[in-house]
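Colleague: Pasting a structure below so you can have a look.
The values are calculated or read from the model by the stated rules, or taken from the named source; none is laboratory data. Predicted model, so just to flag it, every value in this text is computed and none were measured. For neighbour counting, all protein chains shown are included, and Cβ atoms are generated from backbone atoms with ideal geometry for every residue, glycine included. Heavy atoms of the whole protein, side chains included, go into the accessibility calculation; ligands, DNA and RNA do not. Shrake-Rupley method; radii C 1.70, N 1.55, O 1.52, S 1.80 Å.
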Amino acid sequence: MYIEKTIDQVRRRYADEPEFVQAVEEVLFSIVPVLEKHPEYEKADLLGRMVEPERMFRFRVVWTDDKGIAHTNVGYRCQFNGAIGPYKGVLRFQKNVNESIIKFLGFEQIFKNALTGLPIGGGKGGSDFDPAGKSDSEIMRFCQSYMTALYRYIGADTDVPAGDMGVGKREIGYLFGQYRRLKGNFENGVLTGKGLSYGGSLIRPEATGYGAVYYLDEVLKLENDTLKGKRIGVSGYGNVAWGIMKKASELGAKVTYMSGPDGYIHDEEGICGEEKLQYIQWMRANDPLHCRSYAQKFHCEFIENEKFWGAKDVDICMLAATQNDVDVESAEKIISSGVKYYIEVANMPTTNEALKLLRSCKHIIVAPAKAVNAGGVGVSAMEMSQNAERLSWSAEEVDKHLHKMMKQIHEVSMKAAEEYGLGYDLVAGANIAGFTKVAEAMMEQGLF
Ligand code: 2IT
């Protein structure tokens with residue numbers, strides 16, 4: 001069969017890229033019914049083309065530390081698929097970044113971006129630079145060097161990076177400054193996640209978390225359920241978790257668990273209110289590896305080196321940490337805890353085996369990351385619109401668009417699954433809806 005043939009080829013060609021192979025398997029296996037309906041895709045080798053990036057850059061990034069000593073890192077930018085718009089996706093600066101991570105993120109991005117309904121293609125980039133413990137000037141020098149290598153390949157109509165782990169507002173500022181210095185033009189549509197003073201969008205920092213809660217709300221509505229009084233366990237405590245905490249408490253739910261690499265926090269009163277949320281932001285910026293200090297500051301429980309999977313007093317589980325957070329063993333604990341909603345938020349937080357197990361479980365509704373977290377890139381696309389028209393939208397306006405977008409993503413996914421007789425399957429539905437749009441564009445544009 002064509003799908004298996006394509007997956008086999010990817011497995012052979014990229015045997016040393018496990019995350020990428022995982023992402024390809026997850027998407028391709030769920031579009032089997034689409035391929036049955038479209039035999040012409042095989043003749044055009046549509047899948048073979050889709051799993052191969054249009055192009056990918058790998059470059060040297062040299063920077064000096066505060067003692068004047070030079071260091072060499074590797075930089076990447078993967079322009080995976082530009083069929084429906086300029087490549088769009090983040091830059092991640094993290095020690096473990098490699099080609100496999102960048103390609104899996106880029107591949108997921110293609111379908112996620114298609115789901116937003118906006119004209120953005122899929123891309124991703126980053127570096128194995130480790131920002132931990134670096135001074136502000138070291139970060140600046142690294143960003144300047146990174147952009148010096150990257151600038152010739154990006155642009156508002158070509159490829160528009162943004163920030164991910166290790167790349168926040170500060171890094172985007174340094175990257176943009178260097179881009180402007182090299183180009184001599186003010187082209188702020190080249191990056192998103194910018195500061196408000198030079199073309200950033202209101203609500204962009206909150207967008208991924210807010211969008212995830214809006215999507216969750218749609219799922220709950222269909223179940224005749226509501227967010228009121230719900231207890232949410234959130235894995236992670238980064239920017240996305242922060243957005244979830246803020247919006248969930250606004251809508252009457254509370255986040256009672258959160259976790260970091262060092263263990264988890266149980267705060268029965270809920271992680272909400274200005275003081276706690278500000279502290280979360282402080283922790284993320286100053287100590288991305290430990291959440292323990294929250295328990296000391298707010299007098300609640302901290303369990304070292306554990307995850308909260310299996311806690312019985314959680315109604316909704318939201319995965320907002322990183323890839324492959326939940327394996328089969330964790331999934332079994334989550335299933336036995338009685339949680340009804342398993343909402344992926346981070347990119348690919350579940351291994352394929354664990355995802356299969358969770359999806360086969362009758363009492364759990366599973367929502368996939370590429371739909372749930374699409375609000376982040378969606379508001380990035382709105383930032384691009386604002387830059388193109390040289391206007392700034394109000395927070396209410398951006399939020400209104402975001403809310404509508406999340407409703408549509410849920411609906412389009414639901415309908416795509418129904419169309420293929422799959423029932424209420426949000427995972428398959430999101431893959432099918434995203435894939436169908438990109439497939440159509442690629443077929444109409446001829447072979448390349
Ligand atoms: O994974 C993602 O979609 C994001 N972190 C946002 C991407 C973007 O370009 O804003």
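Colleague: Please give the net charge around S380, taking every other residue with its beta carbon less than 14 angstrom from that of S380, where Lys and Arg add +1 and Asp and Glu add -1.
Modeller: Values: positive: K88, K112, K124, K169, K194, R204; negative: D159, D164, E206, E383.
Result for the neighbourhood of S380: +2.
Colleague: Aspartates and glutamates within cross-link reach of K169: Cα-Cα under 15 Å, excluding same-chain residues under 8 positions apart?
Modeller: K169 reaches D136, E206, E383.
Colleague: Something else now. Quick check: net charge around D130, other residues with Cβ under 15 Å of its Cβ, Lys/Arg +1 and Asp/Glu -1?
Modeller: The answer is -2.
Colleague: Looking at the chain, what % of its DSSP beta bridges pair antiparallel, to the nearest 5? Walk me through the numbers on the way to the answer.
Modeller: Details: 26 of 53 bridges.
Given both bridge residues lie in the chain, the antiparallel proportion sits at roughly 50 percent.
Colleague: HN-Hα J couplings of the range 305-317 from phi, Karplus 6.51/-1.76/1.60, θ = phi - 60°, integer Hz, Gly and Pro as x?
Modeller: Couplings: 6, 10, 10, 8, 3, x, 4, 7, 9, 10, 9, 9, 10 Hz.
Colleague: A follow-up question, please. Please compute the contact order of the chain in relative form: average sequence separation of alpha-carbon pairs under 8 Å and at least six residues apart, divided by the residue count, as a percent. If you can, show how the numbers build up before the last one.
Modeller: Numbers: 901 pairs, mean separation 69.1, N = 448.
It rounds to 15 percent for the chain.
Colleague: Just tell me which lysines come within less than 18 Å, Cα to Cα, of K67; anything on the same chain fewer than 8 places away is out.
Modeller: Excluding near neighbours in sequence, the set is K134.
Colleague: Follow-up question, since we're still on this one. Under a Cβ-only charge scheme (Lys and Arg +1, Asp and Glu -1), can you give me the dipole magnitude of the range 282-392 about the Cα centre, in debye to the nearest 20? If you can, show how the numbers build up before the last one.
Modeller: On the way: 12 positive and 14 negative charges, 50 e Å.
Dipole of the range 282-392, to the nearest 20 debye: 240 debye.
Colleague: Rounded to a whole number, what is D in µm²/s for the range 302-343 from Stokes-Einstein with the Kirkwood radius over alpha-carbon pairs (25 °C, 0.890 mPa s)? List each step's numbers first, then the result.
Modeller: Numbers: Rh = 10.8 Å.
It comes out at roughly 228 µm²/s.
Colleague: Take the residue pairs K5/K43; K415/K437; K95/K307; K246/K400; K112/K404 and return only those whose Cα atoms are more than 21 Å apart. Could you put the intermediate results ahead of the total?
Modeller: Values: K5/K43 13 Å; K415/K437 14 Å; K95/K307 23 Å; K246/K400 17 Å; K112/K404 16 Å.
Going by Cα-Cα distance, K95/K307 fall outside the 21 Å limit.
Colleague: For A162, list long-range residues whose amide hydrogen, built 1.01 Å from N in the peptide plane, is under 5 Å from its own amide hydrogen.
Modeller: Residues meeting the amide H criterion: G89, V90, L91, T192.
Colleague: Mind running the shape call on the range 201-293? Use the C-alpha gyration tensor, a ≥ b ≥ c as the square roots of the eigenvalues: rounded below 1.5 for a/c, prolate if a/b tops b/c, oblate otherwise. Before the final figure, lay out each step's value.
Modeller: Numbers: a/c = 2.04, a/b = 1.47, b/c = 1.39.
Prolate, since a/c reaches 1.5 and a/b exceeds b/c.
Colleague: What is the calculated FRET efficiency for Q408 to T64, with r their C-beta to C-beta distance and R₀ = 41 Å, to the nearest 0.05?
Modeller: Working: r = 48 Å, r/R0 = 1.17.
So the FRET efficiency works out to roughly 0.30.
Colleague: Let me know the shape class of the chain, please: from the alpha-carbon gyration tensor, a ≥ b ≥ c as square roots of the eigenvalues, rounded when a/c is under 1.5, otherwise prolate if a/b is greater than b/c, or oblate. Can you show the working numbers first?
Modeller: Details: a/c = 1.42, a/b = 1.02, b/c = 1.39.
Rounded shape, in that the Cα axes give a/c under 1.5.
Colleague: Helix-derived [θ] at 222 nm for the chain: sum -39500 (n - 2.57) over DSSP H runs of at least 4, divide by residue count, nearest 500?
Modeller: -15000 deg cm²/dmol
Colleague: Which one, E275, E19, E54, has the greatest fluctuation when you compute a Gaussian network model over the chain with C-alpha springs under 10 angstrom?
Modeller: Most flexible of the set in this elastic network: E275.
Colleague: Going highest first, how would you order 399-412, 278-291, 133-146, 371-384 by mean Cβ packing within 10 Å? Provide the component values of the computation, followed by the final result.
Modeller: On the way: 399-412: 19.6, 278-291: 15.4, 133-146: 18.0, 371-384: 28.0.
Most protected by this proxy first, the peptides run 371-384, 399-412, 133-146, 278-291.
Colleague: Which aspartates and glutamates does K312 reach when only Cα atoms under 18 Å apart count, and residues fewer than 8 places away in its own chain are ignored?
Modeller: Excluding near neighbours in sequence, the set is D267, E268, E269, E301, E329, E332.
Colleague: Among DSSP beta bridges whose residues both lie in the range 183-317, state the antiparallel percentage, nearest 5.
Modeller: Bridges in the range 183-317 are about 55 percent antiparallel.
Colleague: Another question about this same structure. When the accessible area of the range 308-355 is computed with all protein chains present and a 1.4 Å probe, what percentage of it is carbon and sulfur? It would help to have the intermediate numbers written out before the result.
Modeller: Working: 740 of 1480 Å².
That fraction is 50 percent.
Colleague: Same structure again: Can you classify the range 356-448 as rounded, prolate or oblate using the Cα gyration tensor, where a ≥ b ≥ c are the square roots of its eigenvalues, rounded means a/c under 1.5, and otherwise it's prolate if a/b beats b/c and oblate if not? Spell out each step's value before the answer.
Modeller: Working: a/c = 2.80, a/b = 1.42, b/c = 1.98.
Here the range 356-448 falls in the oblate category.
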